[in-house]
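Enquirer: What follows is a structure written as structure tokens; I'll ask about it next.
Nothing in this text is a laboratory measurement; each read-out follows from the coordinates by a stated rule. What you see is a predicted model; the values in this text were computed from it and never measured. Cβ coordinates were reconstructed from backbone atoms using ideal geometry, including for glycine residues, and neighbour counts include every protein chain displayed.
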Amino acid sequence: MVEAAIPDNLRFRDDEPADEPGVSLDAFLDQPNAVSVRIEGGDDVRRLGPALDRLKLVEVDFPRFRDGRGYSSARILREMGYTGELKAVGDVLVDQLLFMRRCGFDSFGPDQALDIDVAQRALTEYDFVYQQAADGRVPVWKLRHG
Amino acid sequence: MYRYDTYDQAIVDARVAEFRDQVARRIAGEMTDDQFKPLRLKNGLYLQLHAYMLRIAIPYGTINAKQLRVQAHIARKYDRGYGHFTTRQNIQFNWIRLEDAPDILAELAKVEMHAIQTSGESIRNISADQYAGAAADEVCDPRPWAELIRQYTTFHPEFSYLPRKFKIGLTASDNDRAAIKLHDVGLQIVRGADGETGFRVFVGGGMGRTPFVAHLIRDFLPAASICSYLEAILRVWNRHGRRDNIHKQRIKILVHDLGAQEFARQVEEEWATIQHLGDDIPLREYERIAAYFTPPPFEEGLSDELDLSDPRFAAWVERNVDAHKQPGYAIATISLKPVGGIPGDVSADQIDLLADLAEKYSFDDLRPTHAQNVVLPHVRKADLYAIWQALDAAGLATANLDLISDIIACPGLDYCSLANTRSIPLAQKLTERFADPARQLDIGELKLKISGCINACGHHHAGHIGVLGVDRKGTENFQLLFGGSGAEDASLGKIIGPGFSEDGVVDAIERAVEKYRDLRTDGERFLDTYRRVGSDPFKEAIYG
Amino acid sequence: MKLLTGNHLVNGYVIWWTGEGWSRHVEQAAEVGDKGEQIAQVETAACRVNNPYIVDAEPGPTGPVPNHIKERIRAIGPTVRPDLALKPADASAGSYVI
């Protein structure tokens, strides 16, 4: 299962984007009408469990691209059953896109514009993956044994 | 050993293409060094003191002749005619050009090798017992599990930007030859009460600036759950490990800060949430991998007799040859520590010889060890003499396994931009001071380890005698530690007193060795005597 | 004196700023004064150097001698493999480092 041509706006969803920017996790939990939340590195995304139904957009911040906490946040949200938009924002570089997609991110708001051609190559480089993750790709061990 | 199928090969080939593209973008200036650095580190490419250094993975320390010959070829074509076996069972080359790196990786891919995740904040090469498949004291061969975990941790999307590097070590024996308690995660394969295979799980070991012995956080983990359990460990650390101070970001710091019990509780809590998500690799995949590690076709009924009339051969057998589980066979360690030599370094010609010997005498199987030697795991006793003669002609027959001249030393300031001091010249001086084989035998087992800086790549904390190089006002200075061990009785060495010059530390070690000989009782190694009598007699002997 | 040094991006060799360009030979290294950072930025952006930094040195008989042993090893080569030094035939190389 390999990516087709990637969208110019780096949003891999068909639905309407949420029209509210993300508020902090504490604020989101305090505001029953909020639909968008912004997750910082140290936030515990499991606190969103009871609010998943109303959640439309989760922005996960990467303050520095080396700070990999957001990958866990994303994957945990997908494991919890979140199906809304999961957006990686901040210091997001083209060479992290594939891992981010695999962890369940389906849109991107990088600080610096990405080269779309390079992004396309980055996302389609690997035909096979070793692990099950949040993107539904079948891991090699399953292909081997059916 | 494991052989790639089309999936493994496709993944490694894609990696080569991806890196080729990344290098091209870097050379064209489309990426800064800051952006490129984690990418090249994930392909084992450091920028070192003199040039780029490439660290090639030798998964769980198993390599065959064809792969070895490619290392010799790389040494000749792309480097300066030699390579270096590391303290994590990998091989590295010191004079690599960035523009050649993609071609080198392409050549490696053709023989099912790579440099994936051998550097940087990655899950690194998994190290394993170098006697795997040959020793009688193992529950099973640990390498199929090592291979399974290797695949699981390769390009893991959640754990590719970890707080720091992450090292896993495996053994299947109570005799820990892989130093698992000094790894971030150490796994000992055991059998449960009903014969089921499982792991004792240790977390939080490591050397470096703040050394720790790993804590046992789980006495028995069913083997089939190893991947999900590792995920739980990694996820707790990825989420909660510090990110503010590079010296405080290893998992050992988190385990220490939380306490082992709380850390274990968090892991179990996370694991309870994820263990039923179906991420574990099923047993039939383990069995597919394990089929590559069935015992080689040993001959039956071979004699255990050896003609030891050649005294130099006999000395080598006495020291470097260990018992094999199959009658008529033996495990032979090839010392890469000749007197006055550079620990762990091998010339291209020597690599070719190792390939020939492995192919001819050891079922095409060679094992680098974390002590920077290499092992022929399955040799017929009848072949030992021919092997020894070939080694002797090539300067590879030093009979010093685990003796004082079998020194582990990091490359140090001669090669490494992180170092404070050189370590190789010190190793050379020490091997020359203790060159006399009879003297070495009299001293007996003494594991001496030298690190040129606090990063401890020479494992000095785990040395019976450890040396740490420090920068004292711009001059090289050496601290002496006693009492460390990387074996199942793991302990961390203690600094004995003020530091020394290079010549001074050689003298100090000699004084300590003589004091040990004075004080030892029957059968005691240096380590045992030190543990029995403590530092004071040694301090007295050294500092007067 | 202050020297500017780094590694060549493509081949990884140790290089020294000469005032006009880069040389592998520390004898040709130039005093950069307080211009080092500026030069470093320009050269890095042009991909002519990787990871440049300033080094303290003293003038010597054949050229500058870096104060720190690490830099002297970078200038010459590993002390344990004189055959791999930048100038293996140079007999004075051994006494340069230590």
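Enquirer: Would you mind ranking B:Asp345, B:Asp137 by Cβ crowding within 10 Å, fewest neighbours first?
Expert: With the fewest neighbours first, B:Asp345, B:Asp137 line up as B:Asp137, B:Asp345.
Enquirer: At a threshold of 8 angstrom on Cα-Cα distance, excluding pairs fewer than six apart, so keeping six or more, what relative contact order does segment B:6-110 reach in percent?
Expert: 30 percent.
Enquirer: Moving on to the next point. Calculate for chain B the 222 nm mean residue ellipticity that helices alone would give, adding -39,500 (n - 2.57) per DSSP H run of length 4 or more and normalising by residue count, nearest 500 deg cm²/dmol.
Expert: It comes out at -11000 deg cm²/dmol, rounded to the nearest 500.
Enquirer: Moving on to the next point. Label points 7 Å out from Cα along the Cβ direction at B:Asp507 and A:Arg144: separation in nm?
Expert: 5.9 nm
Enquirer: I need the per residue convex hull volume for segment B:408-543, using only the alpha carbons, in cubic angstrom as a whole number.
Expert: Convex hull of Cα atoms, per residue: 97 Å³.
Enquirer: Label A:Gln31 and B:Ala24 with points 7 Å out from Cα along Cα→Cβ: what is the distance between them in nm?
Expert: For the pair A:Gln31/B:Ala24, the computed spacing is 4.7 nm.
Enquirer: Under the Cβ-under-4.7 Å rule, which cysteines of chain B stay unpaired?
Expert: That list is B:Cys140, B:Cys227, B:Cys416, B:Cys453.
Enquirer: Among the lysines in segment B:408-543, how many pairs, 8 or more places apart or on different chains, have alpha carbons under 17 Å apart?
Expert: Lysine pairs meeting the criterion: 7.
Enquirer: A further question on this structure: Report the local net charge at B:Lys429: Lys and Arg +1, Asp and Glu -1, summed over other residues whose C-beta lies under 9 Å from its C-beta.
Expert: -2
Enquirer: Can you compute the radius of gyration and Dmax for chain A, using only the Cα atoms, both in Å?
Expert: 15.3, 48
Enquirer: Taking the Cα centroid of segment B:260-338 and of segment A:67-103, what is the distance between the two, rounded to the nearest whole Å?
Expert: First find each Cα centre; the distance between them is then 39 Å.
Enquirer: Okay, moving on. So how long is each side of segment B:6-110 along the principal axes, counting just the alpha-carbon atoms, biggest first, in Å?
Expert: Extents along the principal axes: 39, 36, 24 Å.
Enquirer: Name the long-range amide H neighbours of B:Gly44: under 5 Å, sequence gap of 5 or more, or other chain; modelled H, no Pro or chain starts.
Expert: Here B:Gln117, B:Thr118, B:Ser119 satisfy the definition.
Enquirer: In addition: Give, as a single signed number, the net charge of other residues whose beta carbon lies under 13 Å from the beta carbon of B:Pro498, with Lys and Arg counted +1 and Asp and Glu -1.
Expert: Charge balance near B:Pro498 sits at +2.
Enquirer: Counting only other chains, what is the mean number of Cβ atoms within 10 angstrom of the Cβ of each residue in peptide C:71-80?
Expert: Shielding by partners across C:71-80 averages 5.
Enquirer: Let me ask something else about it. What Rg and what Dmax come out for chain C when only alpha-carbon atoms are used, in angstroms?
Expert: Taking only Cα atoms of chain C, I get Rg and Dmax of 13.0, 38 Å.
Enquirer: Another question, then. Tell me, how many Å apart are the Cα centres for segment B:396-469 and for segment C:6-27?
Expert: So the separation of the two Cα centres works out to 33 Å.
Enquirer: How high is the relative contact order of segment B:311-393, in percent, with contacts defined as C-alpha pairs under 8 Å that are six or more residues apart?
Expert: Averaging sequence separation for qualifying contacts and normalising by length gives 32 percent for segment B:311-393.
Enquirer: Please state, as a whole number in µm²/s, the translational diffusion coefficient that the Stokes-Einstein equation yields for segment C:18-63 at 37 °C and 0.692 mPa s, with Rh defined as the Kirkwood radius across alpha carbon pairs.
Expert: Rounded to a whole number, D works out at 287 µm²/s.
Enquirer: If you don't mind, there's one more thing I want to ask. Report the full-extension gain for the segment B:Leu441 to B:Arg531: residue separation times 0.36 nm, less the Cα-Cα distance, to one decimal in nm.
Expert: 30.3 nm
Enquirer: If you don't mind, there's one more thing I want to ask. What's the exposure ranking of A:Met80, B:Met1, going from fewest to most Cβ atoms within 10 Å?
Expert: A:Met80, B:Met1
Enquirer: Only sites in a loop by DSSP and with at most 12 other Cβ atoms within 10 Å count here; which GluC sites (Glu not before Pro) in segment B:303-386 make the cut?
Expert: For GluC sites (Glu not before Pro) across segment B:303-386 that sit outside H, G, I, E and B with at most 12 neighbouring Cβ atoms in 10 Å, the list reads B:Glu305.
Enquirer: When the helix-only estimate is applied to chain A (DSSP H runs of n ≥ 4, each -39,500 (n - 2.57), divided by the residue count), what is the mean residue ellipticity at 222 nm, nearest 500 deg cm²/dmol?
Expert: After summing the helix terms and dividing by residue count, I get -7000 deg cm²/dmol.
Enquirer: Determine the shape class of segment B:226-332: with a ≥ b ≥ c the square roots of the Cα gyration tensor eigenvalues, call it rounded for a/c under 1.5, and otherwise prolate if a/b is greater than b/c, oblate otherwise.
Expert: The shape class here is oblate.
Enquirer: OK, next. Kindly provide the chymotrypsin sites (Phe, Trp or Tyr not before Pro) of segment B:293-326 that DSSP labels as loop, not H, G, I, E or B, and whose Cβ sees at most 11 other Cβ atoms within 10 Å.
Expert: none
Enquirer: Could you go through segment B:94-107 in sequence order and give the Karplus-derived ³J(HN,Hα) for each residue, using 6.51 cos²θ - 1.76 cosθ + 1.60 with θ = phi - 60°, rounded to whole Hz, and x for Gly and Pro?
Expert: So the Karplus estimates, Gly and Pro as x, are 9, 10, 8, 9, 3, 5, 8, 4, x, 5, 4, 4, 5, 5 Hz.
Enquirer: In the P(r) worked out for segment B:1-54, what percent of Cα pairs fall beyond 18 Å?
Expert: 43 percent
Enquirer: Give me a comma-separated list of calculated 3J(HN,Hα) values for segment A:64-79, in order, Karplus coefficients 6.51, -1.76, 1.60 applied at θ = phi - 60°, integers in Hz, x for any Gly or Pro.
Expert: 9, 4, 6, 7, x, 5, x, 5, 5, 4, 4, 5, 4, 4, 5, 5
Enquirer: For the protein assembly as shown, what does the convex hull of the Cα positions come to per residue, in cubic angstrom?
Expert: Residue-normalised Cα hull volume stands at 174 Å³.
Enquirer: Over the Cα atoms of segment B:183-256, each weighted equally, I'd like the Debye log10 I(q)/I(0) at q = 0.14, 0.23, 0.25, 0.26 Å⁻¹, rounded to two decimals.
Expert: Calculated log10 I(q)/I(0) at the listed q: -0.47, -1.00, -1.11, -1.16.
Enquirer: Would you work out if segment C:1-42 is rounded, prolate or oblate? Take a ≥ b ≥ c from the square roots of the eigenvalues of the alpha-carbon gyration tensor; rounded if a/c is under 1.5, else prolate when a/b is larger than b/c, oblate otherwise.
Expert: Here segment C:1-42 falls in the oblate category.
Enquirer: If contacts are Cα pairs under 8 angstrom and at least 6 residues apart, what is the relative contact order of segment B:408-543 in percent?
Expert: 19 percent
Enquirer: Would you mind checking which residues have amide H under 5 Å from B:Arg472's amide H? H placed 1.01 Å from N; only 5 or more apart, or other chain.
Expert: Answer set, sorted by chain and number: B:Asn477.
Enquirer: Please turn the phi angles of segment B:43-52 into ³J(HN,Hα) values with the Karplus equation 6.51 cos²θ - 1.76 cosθ + 1.60 (θ = phi - 60°), one per residue in order, whole Hz, x for glycine and proline.
Expert: 10, x, 10, 8, 9, 10, 4, 9, 5, 6
Enquirer: Roughly how crowded by other chains is peptide B:147-159, in terms of the mean Cβ count from those chains within 10 Å of each of its Cβ atoms?
Expert: Partner-chain Cβ atoms within 10 Å, mean over residues of B:147-159: 6.
Enquirer: Roughly how crowded by other chains is peptide A:133-146, in terms of the mean Cβ count from those chains within 10 Å of each of its Cβ atoms?
Expert: 4
Enquirer: Stokes-Einstein diffusion coefficient for chain B at 37 °C in a medium of 0.692 mPa s, Rh from the Kirkwood formula over Cα pairs: what value in µm²/s?
Expert: Calculated translational D: 137 µm²/s.
Enquirer: While we're looking at this one, here's another question. For C:Ala30, enumerate residues with amide H under 5 Å from its amide H, sequence gap 5+ or separate chain, H modeled in the peptide plane.
Expert: Distant-sequence amide H within range of C:Ala30: C:Leu4, C:Trp17, C:Thr18, C:Gly19.
Enquirer: log₁₀ I(q)/I(0) of segment B:311-393 at q = 0.18, 0.20 Å⁻¹, via Debye over equal Cα point scatterers, no solvent, to two decimals?
Expert: Values returned for q = 0.18, 0.20 Å⁻¹ are -0.73, -0.91.
Enquirer: Restricting to bridges with both residues inside the protein assembly as shown, how much of the DSSP beta-bridge set is antiparallel, in percent to the nearest 5?
Expert: 70 percent
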